[in-house]
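Each remark here refers to the structure printed beneath this line.
The values are calculated or read from the model by the stated rules, or taken from the named source; none is laboratory data. Quantities reported herein were computed from a predicted structural model and do not represent experimental measurements. Neighbour counts run over all protein chains shown; Cβ positions are idealised from the backbone, glycine included.
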Amino acid sequence: MKNLAIVLCLLLCTQLHSQSKADRKAEKTGKANLEYAGTKTLIASGSFLFVADRAIPMGGGRISMVTNFNEIRFEDGNAAIILPYYGTVWGGGGYSHQPVIKFEGAVANYTADFEDKKRRVQIKFDLKDGSEIHNVEMTIRRRGYTSVYLKSTGRSSITYDGYIRPLPKAF
């Protein structure tokens, strides 16, 4: 009987101190809005870094990018991009064709759409690398998880998944 009284007392205490469903939902929504606000601030600053965890070539499986150097770096209106490429190349790339997507300079047609209701940011821009044109779409979620879709005139499409973060401070 004594054990039953202790169990009932514990159940009653946990019920009194637990949050209601509405309180938990409000706390979760507040946290999500705070995370999204931080991501929005980072994107609006114009200086951020994307690092891919994996690549997903068109018609292929996921490829781990953990050991491959890759990044998309935005700073002061310019971009520095180096992404390993896995997929089909057409259009006579020849021996001079690089197995990476490499670019440095100003991007064209840059737009950043903030979708506050869905808590995500859509960034679109174009790159011209010699005779090849790349259309890039970045979808950034509230916590910084990012999916980069790259469509090209001389290569099959590829997607990179990873995270954005602030640029590292110089020493």
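Side notes on the structure shown:
- Yes/no for residue 37 being aliphatic (A, V, I, L, M) and free of Cβ contacts under 8 Å to residues at least 12 places away in the same chain: yes
- Among the numbered conditions (1) crowded, with 17+ Cβ neighbours inside 10 Å; (2) in contact with a Ser or Thr (Cβ under 9 Å, 6 or more places away or on another chain), the only one that residue 124 does not meet is (1).
- Residue check, residue 111 β-branched (Val, Ile, Thr), surrounded by fewer than 13 Cβ atoms within 10 Å (Cβ to Cβ) and farther than 20 Å from residue 159 by Cβ: no
- Pairs where the first residue, in the range 48-77, is in contact (Cβ under 8 Å) with a residue 40 or more places away in the chain and the second is assigned to a loop (DSSP other than H, G, I, E, B) and of a type in the set (D, E, K, R), C-beta under 6 Å, 6+ apart: 54/62; 56/62
- Counting only residues that are of a type outside the set (A, V, I, L, M), in contact with a helix residue (DSSP H, G or I) (Cβ under 9 Å, 6 or more places away or on another chain) and not in a loop (DSSP other than H, G, I, E, B), the range 156-171 holds 1 of them.
- Against the list (1) among the hydrophobic types (A, V, I, L, M, F, W, C); (2) at pLDDT 90 or above; (3) more than 19 Å from residue 52 (Cβ to Cβ), the condition residue 74 fails is (3).
- Within the range 128-159, the set of residues being surrounded by 21 or more Cβ atoms within 10 Å (Cβ to Cβ) and closer than 22 Å to residue 77 by Cβ comprises 136, 138, 140, 146, 148, 150.
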